[in-house]
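Asker: Before I ask anything, here is the structure I am working with.
What follows is calculated from the coordinates using simple rules that are stated; it is not laboratory data. Model, not experiment: these values are computed from the prediction. Using ideal geometry, Cβ is built from the backbone for each residue, glycine included, and neighbour counts are taken over all protein chains shown.
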C-alpha cells in the first residue's frame, strides 16, 4: 500500500511568531560566579564594606607614597602633639590641648616651625601618628593575609586528603584535628610566641597553626559529599589521577566554602595580632601594628586620648567590614542560608 | 549514655596528657635561664638552687616527676612569685576571673536572647536592623578596644565607675560589659536565625490558630524551642570570654588568672605558664564536655547513634 504524499505546502505552522517569542532566552545565561557577583553587588552593606576595605588595602599597599613621614621618624622636640588639620579651626583638630583646665595651643608651646601640623598628632617620641597608623594597618593586614595563606595551604590539602581517602587515614587524621582543636587557640598562639622569636613570621605561624583546623574540617565534610558526585566518578573512570581530580574537580567546587571561610579567618588573624601586640608579645618595637598602637594609646589615654582613638577606630572598622563582607559573601554564594 | 560520657572523660585526660607533654618539652627547649640573677651566683649556689627546683635531674626524670605531680594536683612552684606553688597562685586568683567571666556570660546571653528574639519577631523592620547592627558591633569590636573606651569614658571622664580597682561589685561592672559584648553579639545572631526558623514552623501556626495571643505564642512556644541550640555556643563563648579576660583583666588591673598568665609570660615564669596552660585547657575541655552532655540530655532528637534506645 502506498502512503499518499502530502505536499509540503499543506502544512502550516501556527502561531509562528508568538512561539518564537516565548522560547527566546530573554536574559543572558549567568554562570555561577556571575550570579554570585550579582547577588553580592545587590547587597548594599556588602558593597559599602568592600569599598571601605578596598580603600584601606590600597592605602596600605601604597603606604610609602601616601604616609607623610616614615613610621619610625622621630622629632624629639615635637612629642605628644595633638591632632591639627592645617589652619582649619575644627575642635579636636586645631592643635589645642587641655592643660590644667585651659586650652593651650600645643604647637606654639613646643615652638613648632610654622606650617608644621600632624593630622592625627604625634606620639611620645614625636612620631607622626597618621604615618604610624598607615604602616601599622599595613603590617596588620600583611599578618592577616599571610596567616590566611598558610592556613589555606595546610587546611585545604589536609581536608581533601582526609575526606578523599576516608577509612583509617581519615580516622587518624581526624583524631589529630580533634586534639589540636581541643587545645584553646590562644594558648597555642601564646606558647608559639614564647618559643619563637617575636616578629612577623612567628605571629603568622602561631595564628596559622591553630586556624587551619576549621578550614580542614569544612573542606573534609565537603569533599565527602563531592566525591560521590557523578562527575568525580566519571573522572575516575577515565583514569584521572587523584591529584588531578583534586585540583580540577574538587577545588573549584570547594571555592565558595574556601572564600567564605577565608573571610572569617582574616578578622580572626587581625584580632590575634592586635591581641598579642597589645599584651606585649606580638610585633616588637619600634614597628607599628594596630595592636601596638592601641597598647601605646591605652597607656597615655588619660592625657592624650587622641593617641588611642585613631587605632581603635581603624581596627574596629576593619573588623566590622570584614565580618559584614563575610556575611554578604556567604549570602551571595549560598542564597538559601539567608532568610 | 554512660559509655559515651566515660569515653569523653577518657579523651579529656588523654588530651590533657598530650598538652602537658608538649608544653613541658617546649618549655625545656627554651633558651635562657629561669633565674634572673644567674651571673651573680657561684657554681655551688647555682647547683643548690637547681637542686631545689629539681633542675639537676635529666630532662626525662623531670618529666616523669612533673606528670606524676599532675596526677596529685601539683603544678610545680613558681620561679618568680615568691616560690608559691602554682596551684596556690591559681586558687587565689580564680575567684575574680570566675566572677567576671560568669557575669559577662550571663549578661551577654540574656541580652543576646532578648535582642535576637525581638529581631526575629519584628523581622525586616528597623528594630531588626538595629539589633543586627548591635550584634555585629559586639562580634567585631575586640574586647580590649571596648575595655579601653569604657575605661576612658565611664571611669576616667564621667567618674561613674572606678578606673582600675578590685574590691566591690562596682569595680566589676566595666570589665563585665567589655567581656559581655562578644557573647551578646553571638547569641543575638544565633537566636535570631533560630527564632526565624521556629516562627515559620507548623506548630507555631497551630498555636496561633488556637487563638493564643502573640505574647503567649512567642514565650510559650517559639522562645523555648529556639533556646535549645543556644547551648551549643556556650563552649566557644567560654573560649572567647577567657581570651578576652586576659587583656581585660590587665586593663582594669584585676587580680585574676588572665592577668597572672600575661604577667608570667612577660617574666618568663615557665612553671606558672605551664600550670596555667594546663589549667585553662582543662577548664575548656570540661566546658565542652558538659555542653555536649547537656545537649544530649536537653534535646531528645539527638540520641547518640543507636536510634534512641540508649
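Asker: Within 10 Å of each Cβ in A:293-303, how many Cβ atoms from other chains are there, averaged over the peptide?
Answerer: 3
Asker: Answer rounded, prolate or oblate for segment A:145-198, using the Cα gyration tensor with square roots of eigenvalues a ≥ b ≥ c: rounded when a/c is under 1.5, else prolate when a/b is larger than b/c, else oblate.
Answerer: oblate
Asker: Taking N as the number of residues in chain A, what value does Rg over Cα atoms divided by 2.2 N^0.38 Å take?
Answerer: Ratio of Rg to 2.2 N^0.38 Å for chain A: 1.44.
Asker: Give or take rounding to whole Å, what are the principal axis extents of the alpha carbon atoms in segment A:206-328, in descending order?
Answerer: Sorted from largest, the Cα extents of segment A:206-328 read 72, 28, 18 Å.
Asker: What does the convex hull of the alpha-carbon atoms of the protein assembly as shown project to on average, in nm²?
Answerer: 47.7 nm²
Asker: Based on DSSP H runs of at least 4 residues, each adding -39500 (n - 2.57), what is the mean residue ellipticity at 222 nm of chain A after dividing by all its residues, to the nearest 500 deg cm²/dmol?
Answerer: -21000 deg cm²/dmol
Asker: Quantify how strongly other chains surround peptide A:64-77 by giving the mean number of their Cβ atoms within 10 Å of each of its Cβ atoms.
Answerer: 0
Asker: Could I ask something else about it? Compare A:141, A:238, A:329 in a GNM of chain A, Cα atoms joined below 10 Å, and give the one with the largest fluctuation.
Answerer: It is A:238.
Asker: Then there is this: With the cut-off at 1.5 for a/c, could you classify segment B:97-145 from its C-alpha gyration tensor as rounded, prolate or oblate?
Answerer: oblate
Asker: What is the angle, in °, between the Cα long axis of helix A:129-165 and the longest principal axis of the Cα atoms in chain A? Nearest 10 is fine, range 0 to 90.
Answerer: Once rounded, the angle reads 30 degrees.
Asker: Please compute the Kirkwood hydrodynamic radius over segment A:262-339, one decimal place, Å, based on all pairs of different Cα atoms.
Answerer: It works out to 13.8 Å.
Asker: Still on this model: Could you work out how far helix B:2-29 tilts from the main Cα principal axis of chain B, as a 0 to 90 degree angle to the nearest 10?
Answerer: Long axis of B:2-29 versus the principal axis of chain B: about 40 degrees.
Asker: So, one more: Calculated from DSSP H runs of 4 or more alone, at -39500 (n - 2.57) each and per residue, what is the 222 nm mean residue ellipticity of chain B, nearest 500?
Answerer: Here the helix-only value at 222 nm equals -23000 deg cm²/dmol.
Asker: Could you order peptides A:70-77, A:271-278 by the average number of other Cβ atoms within 10 Å of their residues, highest first?
Answerer: Descending mean neighbour count gives A:271-278, A:70-77.
Asker: Other chains' Cβ within 10 Å of B:142-155 residues: what's the mean?
Answerer: Counting Cβ atoms of other protein chains within 10 Å of each residue's Cβ and averaging gives 5.
Asker: Expressed as a rounded percentage, what relative contact order does chain B have, with Cα pairs under 8 Å and six or more residues apart?
Answerer: Taking the mean separation of contacting Cα pairs over the length of chain B, I get 24 percent.
Asker: A follow-up question, please. Using the per-residue mean of other Cβ atoms lying within 10 Å as a proxy for protection, in what order, highest first, do the peptides B:104-116, B:230-242 fall?
Answerer: Answer by packing, highest mean first, reads B:104-116, B:230-242.
Asker: If you don't mind, there's one more thing I want to ask. Tell me the Rg and the Dmax, in Å, that the Cα atoms of segment B:94-256 produce.
Answerer: 17.9, 56
Asker: Arrange the peptides A:226-235, B:136-145 so that the one whose residues have, on average, the most other Cβ atoms within 10 Å appears first.
Answerer: Those peptides, ordered most packed to least, come out B:136-145, A:226-235.
Asker: Would you please classify the overall shape of chain B from the alpha carbon gyration tensor, given that a ≥ b ≥ c denote the square roots of the eigenvalues, rounded means a/c under 1.5, and beyond that prolate means a/b larger than b/c while oblate covers the rest?
Answerer: Because a/c hits 1.5 or more and a/b fails to exceed b/c, chain B counts as oblate.
Asker: Given a Förster distance of 35 Å, report the FRET efficiency between residue B:102 and residue A:48 from their Cβ-Cβ distance, rounded to the nearest 0.05.
Answerer: 0.40
Asker: Looking only at B:58, B:255, B:162, which one moves most when chain B is put into a Gaussian network model with springs between Cα atoms under 10 Å?
Answerer: Greatest mean-square fluctuation among the candidates belongs to B:58.
Asker: In addition: Cα axis of helix B:59-71 to longest principal axis of chain B: angle in degrees, 0 to 90, nearest 10?
Answerer: Between helix and principal axis, roughly 50 degrees.
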